[in-house]
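Asks: Shown below is the structure under consideration.
What follows draws every value from the coordinates through simple rules; no lab data is involved. Since this is a predicted model, take the numbers as computed values, not measurements. Neighbour counts run over all protein chains shown; Cβ positions are idealised from the backbone, glycine included.
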Amino acid sequence: MFAQFNNSNVLQVGLLNDSDVDQIGLLNDSDVLQLGALNASDVDQEGAFNTSTVAQIGIANTSRVDQLGIANDSDVLQFGALNDSEVDQIGILNGSTVTQIGIANASDVGQFGVLNTSDVDQLGLANSSTVTQIGLANDSDVDQIGILNTSDVDQFGAGNGSTVFQFGLANDSDVDQIGILNTSTVAQLGIGNESDVFQFGLANDSDVTQIGFFNTSLVNQIGAFNTSDVLQTGLGHNSVVNQLGVGNMSSVTQSN
């Protein structure tokens, strides 16, 4: 079924909240705000000027947004309790921003082709994040602050980027980038640190800084303007950097 001037707004205030919006074609848009109790939301939009905004405030939050083609965008904010979110976007001007604040955070983003970017901020408790971007102007930025942090970013081709910053407790990170203007920066500050960055082709770079406790790091770079820089400061250090071809260079400083 084809629709034209789509738009939808849902506002829900208290108790067994739920919402579901499906729109198929042309000027899509959607806004959902839910405030308290067993929130959930689900927005699917298919084609043309998509955008979506979901804000959930308290208790059993979750959200899902799928958008398919043209001017995608999405923005989800969740505030407190069993947060979760998932955004899949497929093609053209992708975007996405997810902010989760407290309790069982998690996020999963997606994105597939054209001007990808993503930004996930999580603040406290069971953090986790996964971002996968596939083609063209990739970018990603994940900030997590405290408790069971982990992150995973996969990027594949064109303007790659990525920056992950995690602050405290069971940190972990993993960034894989495959081709063109790769770079990555991971900084983790305290307790279970570990990092793993793999880059494949062209303008590689990487920078990992971990500050305290069970550090380890591993960076593999394969071809073009490689460089790497790892600094780990207190307790369990370990590091391995493998570089293969063209501008290699590396620097590791570990301390206690």
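Asks: Answer with one residue from Ser251, Ser151, Asn127: the one whose Cα lies farthest towards the positive end of the charge dipole of region 126-252, charges on Cβ with Lys, Arg +1 and Asp, Glu -1.
Replies: Farthest along the dipole direction, towards plus: Ser251.
Asks: For Asp229, what is the net charge nearby, where nearby means another residue's Cβ is under 10 Å from its Cβ and Lys, Arg count +1, Asp, Glu -1? Please list the in-between numbers first.
Replies: Numbers: positive: none; negative: Asp205, Asp207.
Summing Lys and Arg as +1 and Asp and Glu as -1 gives -2.
Asks: What nm value, rounded to one decimal, do you get for the distance between Leu148 and Leu16 when each label is placed 7 Å out toward the C-beta?
Replies: 2.9
Asks: Which order do the peptides 118-125, 160-167, 247-254, 9-16 take when ranked by the mean count of other beta-carbon atoms within 10 Å per residue, highest first?
Replies: Per-residue mean Cβ counts within 10 Å order the peptides as 160-167, 118-125, 247-254, 9-16.
Asks: Would you give the gap between the C-alpha center of region 230-256 and the C-alpha center of region 138-199, rounded to a whole Å?
Replies: Taking the Cα centre of region 138-199 as reference, the centre of region 230-256 is 16 Å away.
Asks: If you place +1 on the Cβ of every Lys and Arg, -1 on the Cβ of every Asp and Glu, and leave all else neutral, what size is the dipole of the chain about its Cα centre, to the nearest 20 Debye?
Replies: Computed about the Cα centre, the dipole is about 520 debye.
Asks: Alpha carbon centre of region 14-42 versus region 44-61: separation in Å?
Replies: 6
Asks: If you average 1/r across every pair of different Cα atoms in region 161-204 and take the reciprocal, what Kirkwood value do you get, in Å? Show your work: numbers first, answer last.
Replies: Numbers: mean 1/r = 0.0917 Å⁻¹.
Evaluated on region 161-204, it is 10.9 Å.
Asks: So for region 203-249, averaging the separation of alpha carbon pairs under 8 Å that are six or more residues apart and normalising by length, what relative contact order in percent results?
Replies: 44
Asks: log10 I(q)/I(0), Debye, Cα-only the chain, no solvent, q = 0.07 Å⁻¹?
Replies: Debye curve over Cα of the chain, log10 I(q)/I(0) at q = 0.07 Å⁻¹: -0.26.
Asks: Moving on. Compute the relative contact order of region 9-254 as a whole-number percentage, counting only Cα pairs closer than 8 Å that sit 6 or more residues apart in sequence.
Replies: Details: 849 pairs, mean separation 21.0, N = 246.
Rounded, it is 9 percent for region 9-254.
Asks: How high is the relative contact order of region 119-193, in percent, with contacts defined as C-alpha pairs under 8 Å that are six or more residues apart?
Replies: On the way: 202 pairs, mean separation 21.0, N = 75.
After rounding, I find 28 percent.
Asks: Taking loop as defined by DSSP and a crowding limit of 14 other beta carbons within 10 Å, which chymotrypsin sites (Phe, Trp or Tyr not before Pro) in region 1-88 fit? Don't skip to the end; give the middle numbers.
Replies: Working: sites: Phe2, Phe5, Phe49, Phe79; in loops: Phe2, Phe5, Phe49.
Within region 1-88, the qualifying chymotrypsin sites (Phe, Trp or Tyr not before Pro) (loop, at most 14 other Cβ atoms within 10 Å) are Phe2, Phe5.
Asks: What distance in nm separates the two pseudo spin-label positions at Ile24 and Asn242, each 7 Å out from Cα along the beta-carbon direction?
Replies: If labels sit at Ile24 and Asn242, their model points lie 5.1 nm apart.
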